[in-house]
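In what follows, a single structure is set out as structure tokens and then discussed.
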Amino acid sequence: MSESTVKVESTVKLPFLPLGRKRHNLKLNAGNIRKCRKDFSRFLRSAVYVCACITLGSLVFMLGYILVKGLPFLNKDLFNPHYTSENCSVIPALINTLVMTVLALLIACPLGIGSAIYLVEYSSKSNRFVKVVSLTTETLAGIPSIIYGLFGMLLFVNFFQWGYSIIAGSWTVAIMILPTIMRTTQEALLAVPESYREGSFGLGAGKLRTVFKIILPSAMPGIFSGVILACGRIVGETAALIYTAGTVAQIPEDLFGSGRTLAIHMYLLSSEGLHTNQAFASAVILLVMVIVINSISSALMKKLGNKSVK
């Protein structure tokens with residue numbers, strides 16, 4: 001009886017020993033995995049905090065450096081309507097910057113937004129033409145601005161014989177910001193829920209009314225984001241405008257006259273080495289101008305967003 005009991009016990013208990021060890025090992029492995037996940041999450045959280053602090057610190061340092069260097073040299077001579085080598089007035093450059101920004105947006109916004117509407121709402125996704133246009137847009141977005149400047153000089157300045165002028169610079173920067181407006185508008189239109197289109201069609205609205213009454217108001221905040229990015233690129237552009245708009249420090253009589261923007265004005269003052277203090281003061285004015293443009297655009301974007309929600 002003892003031998004049989006021993007055999008029975010061995011046949012019953014032995015199979016459970018490896019299972020118990022496996023369960024114990026599984027518990028240990030699960031615990032290690034949870035610990036590794038927690039450690040990795042803490043590492044990622046710390047990395048995000050460090051990156052945010054570095055970005056914020058760089059921004060604060062840059063703004064503080066520009067303000068400390070430029071604010072003491074802001075005087076009434078800097079805002080004289082007429083530029084001379086003594087006062088280094090920024091008024092002509094400021095007016096030229098505003099004119100060029102408005103002209104470039106008037107050229108690029110209808111073309112970019114209209115192209116994006118066609119690509120998203122009217123064309124087929126499997127169309128080869130759409131793929132070619134999308135690839136071309138992404139390629140144009142990565143071209144350096146100096147290439148746009150050389151292209152604008154060859155086409156608008158030389159071929160069309162516009163010379164170094166505001167209109168040549170406006171067309172050049174309009175072509176330069178066109179891919180940005182197209183891509184942001186496409187993403188904004190794609191982000192509109194498909195139920196909006198189906199509901200509009202179900203109520204009997206046509207394609208055109210659906211696009212302009214339902215889709216565009218809903219996508220307007222995203223479109224405005226692209227316009228804001230385009231404004232920032234126009235205001236801060238120098239390389240493309242030196243070859244097309246010129247560097248004359250006066251307000252041109254018409255659009256075919258040459259004139260420098262605020263960024264070119266600041267670049268020329270700093271490169272000459274004779275008016276470095278005025279260059280920092282011009283940088284303060286440019287910074288304020290960018291902040292004002294972004295603030296106005298953000299307010300308009302919020303207003304349009306609230307209207308689309310209602």
Unmet requirement for Leu111, which otherwise passes all of (1) outside any helix (DSSP H, G or I); (2) at negative phi: (1)
For Ile214, indicate whether it is surrounded by fewer than 21 Cβ atoms within 10 Å (Cβ to Cβ) and outside any helix (DSSP H, G or I). no
Considering only segment 75-113, state which residues are under 30 Å from Met182 (Cα atoms) and among the charged types (D, E, K, R). none
Filter segment 156-174 for residues that are open to solvent by 50 Å² or more (accessible area, probe 1.4 Å) and closer than 26 Å to Val227 by Cβ; which is modelled with the lowest pLDDT? Trp162
Scan segment 159-182 and report the pairs whose first residue is touching a residue at least 60 places away in the same chain (Cβ under 8 Å) and whose second residue is of a type in the set (Asp, Glu), with Cβ atoms within less than 7 Å and a gap of 6+ or a chain change. Val173/Glu237
Contact list, first residue from segment 103-127 and in contact (Cβ under 8 Å) with a residue 12 or more places away in the chain, second anywhere and aliphatic (A, V, I, L, M) and open to solvent by 30 Å² or more (accessible area, probe 1.4 Å), beta-carbon distance below 8 Å, six or more apart or interchain, is Leu103/Leu255; Ala108/Ile175; Ala108/Leu178; Leu111/Leu178; Gly112/Leu178; Ser115/Val133; Leu119/Val133; Val120/Leu190
Limited to segment 111-123, what total is found for residues that are among the hydroxyl-bearing types (Ser, Thr, Tyr) and open to solvent by 60 Å² or more (accessible area, probe 1.4 Å)? 2
In segment 50-82, which residues are outside any helix (DSSP H, G or I) and surrounded by 13 or more Cβ atoms within 10 Å (Cβ to Cβ)? Leu74, Asn80
Can you pull out every residue in segment 268-280 that is of a type outside the set (Gly, Ala, Ser), in a helix (DSSP H, G or I) and surrounded by fewer than 22 Cβ atoms within 10 Å (Cβ to Cβ)? Leu268, Glu272, Thr276, Asn277
For segment 229-267, give me the residue count where each residue is open to solvent by 30 Å² or more (accessible area, probe 1.4 Å) and not in a loop (DSSP other than H, G, I, E, B). 6
Of all residues in segment 124-141 being surrounded by 10 or more Cβ atoms within 10 Å (Cβ to Cβ) and small (Gly, Ala, Ser), which is nearest to Ile215 (Cα to Cα)? Ser134
Which numbered condition Arg209 fails, given (1) without any contact (Cβ under 8 Å) to a residue 24 or more places away in the chain; (2) touching a Ser or Thr at 6+ places or on another chain (Cβ under 9 Å); (3) under 30 Å from Ile293 (Cβ atoms); (4) not polar (S, T, N, Q): (3)
Suppose we keep only residues that are modelled with pLDDT under 85 and open to solvent by 70 Å² or more (accessible area, probe 1.4 Å) within segment 83-110. Which one would you say is nearest to Leu255 (Cα to Cα)? Ser85
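The values are calculated or read from the model by the stated rules, or taken from the named source; none is laboratory data. This one's a predicted model, so the numbers in the text were calculated from it and none came from an experiment. Positions of Cβ are generated from backbone atoms using ideal geometry, with glycine treated the same way; all protein chains shown enter the neighbour counts. Quick note on the areas: whole protein, heavy atoms, side chains included, nothing else; ligands and nucleic acids left out. Shrake-Rupley method; radii C 1.70, N 1.55, O 1.52, S 1.80 Å.
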